[in-house]
Amino acid sequence: MTETRDSAPSRRAERVPSRLDGRLPEIVLVIGLVLQLGLALWFVRGMWFDLDAWGYLVEQPAIPGVVDRLLDAHAGHWSTITYLWYQLLFAVVGMHSYWPYVLATVFLHLAICVVMWWLLVRLGCSRWLATGTVWLIIFLGAGAQGFLWDAAMPPALSTLLGLLALAVVLTRGDRRSSRVVGAVLILLSVMTSGVGVAAGCLVGVYLALEGRIRTAVWVVGPSAVAFVVWYAVYGRGDAVPTAHWNYARLPEFVWTGLTSAFGQATAIPNAGALLLLGVVGTTVFAPRIPLQLRNFAIAGIVAAVLHMTLTGVARIGFGIETASSSRYLYLVLVLAAPAIAGCLIAVAGLPLQVPPLVAVLAVGALLVAYTVTAIFQQQDFTGRQGGYGGVWKHWVAGTLAATAEGEKILTPGPADPLAGGSDFRLLQSPRFEDAVPMSARTAQARLDAESEFFVGVGPDTYDLFQPADITFTGGFVGDFKPGATCNTYPAVAFAPSLELALGEKGNEIGVRSDSTEVTTQVRRDGVLGRKRIWEVEPGDIHIASTAKDADLLVTFNHGGDFTLCTN
């Protein structure tokens with residue numbers, strides 16, 4: 001009896017390691033997910049909104065009940081779900097915190113990894129190889145913009161909804177309920193972003209390769225019809241003008257996007273094309289890949305090509321290099337994950353005479369090297385994006401601070417060409433009065449915004465002429481003569497400069513010169529705002545600012561005679 005009682009706990013203790021061994025792939029997967037979550041929380045801590053969020057929150061706010069606003073295109077995307085999501089978060093937290101916006105993207109990314117792992121295992125991949133494949137996606141440094149940025153939420157959600165639709169039709173078969181649920185998920189995917197079209201393609205092509213044509217039509221057909229109708233009514237007006245298109249280079253754009261994804265993910269110079277062809281060729285021709293997984297891989301490759309094609313149609317006007325954008329690479333590699341898994345299966349089945357311990361150490365070393373490289377890539381992206389977001393934070397908070405003081409915006413958009421014509425006058429709406437915390441409305445933020453938006457340089461008057469107090473600070477001969485309407489002053493330096501006191505109401509001067517470039521900067525209490533450079537035509541221009549109790553520093557790029565007018 002004693003031996004029996006002693007042996008029972010012993011046997012139970014022995015079963016614990018065996019159960020853990022059986023779940024080791026899942027444990028490794030969870031470790032990777034938790035590690036990436038921790039890295040994300042650390043890396044995004046200094047980030048803030050930028051241009052894309054501006055479009056969702058400011059320029060085209062989704063107002064429930066106003067159908068036209070909900071169906072408006074955003075950069076060519078059907079974005080109804082995205083608008084509603086941003087407006088929900090805005091109603092709850094405004095722009096006081098960036099965390100809820102960006103964490104949504106992070107958790108969507110982790111969910112994509114989990115669902116992808118499940119699909120790979122379901123379709124014939126071993127749990128270890130599925131874990132290895134998904135590990136590459138979890139830490140995808142080359143695609144950091146796809147999961148460490150708030151504006152990547154729409155494509156991430158579209159991708160997840162597509163994968164969930166496929167999971168539904170895999171688990172519930174061709175039942176009517178699974179078709180309905182799958183169709184709803186694909187429709188929501190399409191209504192979130194243009195990536196929903198690629199997600200629908202993934203599901204449709206897989207079902208077609210499996211011979212489930214009717215289910216493919218049921219699941220993908222409604223969203224395809226809905227997207228075509230939406231594009232005809234709402235989407236066409238947001239299309240890129242045809243003058244900027246270069247159809248002949250569209251294949252180059254697609255090829256650049258596909259090869260860059262593999263090349264940048266591995267950080268191996270000039271290896272993208274070879275890796276892409278190797279993965280695709282292995283997926284199609286290797287004999288050891290399970291048929292369902294092969295079909296999934298082929299569907300993923302087709303969806304990736306379609307994604308880059310649609311992206312090229314919308315973005316090729318910005319240059320071929322746009323195809324290498326981090327957010328596009330992320331989606332390409334997520335869609336290519338089944339093909340990568342198939343390639344790993346084929347490699348694992350090669351008759352190589354390698355001791356198991358050596359193989360495990362070699363694979364582990366490769367994964368460690370990949371992970372470390374990916375972490376540095378993530379850090380690099382979030383560092384750069386954080387700096388850009390910091391500029392936008394100063395612009396938004398500073399604009400609110402300046403307008404609260406009664407200052408008028410003279411130039412609605414920033415000089416940055418990537419800002420896409422953003423109109424900062426929209427921030428004068430009452431809905432933004434309390435959107436940004438007062439702590440962000442610093443003196444420096446106000447100066448940066450005033451230097452960008454509360455200064456005007458152009459051919460027409462701003463009706464701000466006041467008695468001028470001008471100080472020549474470099475290059476001009478003689479002193480400014482107050483009281484005179486217009487006077488001519490020679491400038492012997494290449495970059496003559498002056499300071500204009502703005503007073504309580506702002507001020508304006510007229511200038512006639514041979515300059516083709518003017519640099520302006522607002523200063524208050526010895527603190528300087530950001531410089532802004534203006535391209536001008538030689539001849540007459542007006543320079544003005546509404547910044548109160550400050551000085552406007554002005555530098556020209558050409559010497560010669562200057563005529564300055566104070567009314």
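The values are calculated or read from the model by the stated rules, or taken from the named source; none is laboratory data. Computed from a prediction, not measured in an experiment: that's the story for all the values here. A quick note on method: Cβ atoms are made from the backbone with ideal geometry, for glycine too, and the neighbour counts reach across all protein chains shown. SASA here: full protein model, heavy atoms, side chains in, ligands and nucleic acids out. Shrake-Rupley method; radii C 1.70, N 1.55, O 1.52, S 1.80 Å.
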Region 393-426: number of residues that are closer than 16 Å to G506 by Cβ and charged (D, E, K, R): 3
Check whether at least one residue in region 136-156 is modelled with pLDDT of 95 or more, open to solvent by 20 Å² or more (accessible area, probe 1.4 Å) and more than 27 Å from the chain's Cα centre (by Cα), and report yes or no. no
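Kindly evaluate G319 against the criterion of being on the phi > 0 side of the Ramachandran plot, without any contact (Cβ under 8 Å) to a residue 24 or more places away in the chain and open to solvent by less than 50 Å² (accessible area, probe 1.4 Å). Before the answer, list the steps.
Working: on the phi > 0 side of the Ramachandran plot: yes; without any contact (Cβ under 8 Å) to a residue 24 or more places away in the chain: yes; open to solvent by less than 50 Å² (accessible area, probe 1.4 Å): yes.
When the stated conditions are applied, G319 passes them.
What about A374, is it touching a Phe, Trp or Tyr at 6+ places or on another chain (Cβ under 6 Å) and part of a helix (DSSP H, G or I)?
On the way: touching a Phe, Trp or Tyr at 6+ places or on another chain (Cβ under 6 Å): yes; part of a helix (DSSP H, G or I): yes.
So A374 passes the test.
From G312, G349, G342, grab the single residue that is buried (at least 17 other Cβ atoms within 10 Å of the Cβ) and either of a type in the set (K, R) or over 30 Å from R249 (Cα atoms) (or both). Quick ask: steps written out before the conclusion?
Details: G312 fails: either of a type in the set (K, R) or over 30 Å from R249 (Cα atoms) (or both); G349 fails: buried (at least 17 other Cβ atoms within 10 Å of the Cβ).
Exactly one of G312, G349, G342 is buried (at least 17 other Cβ atoms within 10 Å of the Cβ) and either of a type in the set (K, R) or over 30 Å from R249 (Cα atoms) (or both), namely G342.
Being more than 20 Å from L29 (Cα to Cα) and open to solvent by 10 Å² or more (accessible area, probe 1.4 Å): is that true of A183 here? Break it down into steps so the answer makes sense when it comes.
Values: more than 20 Å from L29 (Cα to Cα): yes; open to solvent by 10 Å² or more (accessible area, probe 1.4 Å): yes.
Yes; evaluated as a whole, the condition is true for this residue.
Residue check: is A435 over 16 Å from A445 (Cα atoms) and part of a loop (DSSP other than H, G, I, E, B)?
no
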I'd like the full set of residues that are of a type in the set (A, V, I, L, M, F, W, C) and either crowded, with 24+ Cβ neighbours inside 10 Å or touching a Phe, Trp or Tyr at 6+ places or on another chain (Cβ under 8 Å) (or both), limited to region 164-179. A165, L166, A167, V169
So C125 fits all but one of (1) farther than 22 Å from A435 by Cα; (2) in a helix (DSSP H, G or I); (3) open to solvent by less than 30 Å² (accessible area, probe 1.4 Å); what number is the exception? (2)
When you check T519 against the structure, is it in a strand (DSSP E or B), within 25 Å of A402 (Cα to Cα), free of Cβ contacts under 8 Å to residues at least 40 places away in the same chain and open to solvent by 20 Å² or more (accessible area, probe 1.4 Å), yes or no? yes
Filter result (within 38 Å of the chain's Cα centre (by Cα) and open to solvent by less than 20 Å² (accessible area, probe 1.4 Å)) within region 542-567: I543, A544, S545, T546, A547, A550, L552, V554, F556
Among what's in region 58-108 and is among the polar types (S, T, N, Q) and buried (at least 17 other Cβ atoms within 10 Å of the Cβ), pick the residue that is modelled with the lowest pLDDT. Q60
Pairs with Cβ under 7 Å, 6+ apart, first in region 363-377 and open to solvent by 50 Å² or more (accessible area, probe 1.4 Å), second among the aromatic types (F, W, Y): L367/W135
Pairs returned, first residue in region 190-208 that is open to solvent by less than 10 Å² (accessible area, probe 1.4 Å), second residue that is among the aromatic types (F, W, Y) and assigned to a helix (DSSP H, G or I), beta-carbon separation under 7 angstrom, 6 or more apart or interchain, are V190/F227; Y206/F296
With (1) of a type in the set (D, E); (2) farther than 23 Å from W534 by Cα; (3) buried (at least 17 other Cβ atoms within 10 Å of the Cβ) as the list, and E433 as the residue in question, which single condition is left unmet? (3)
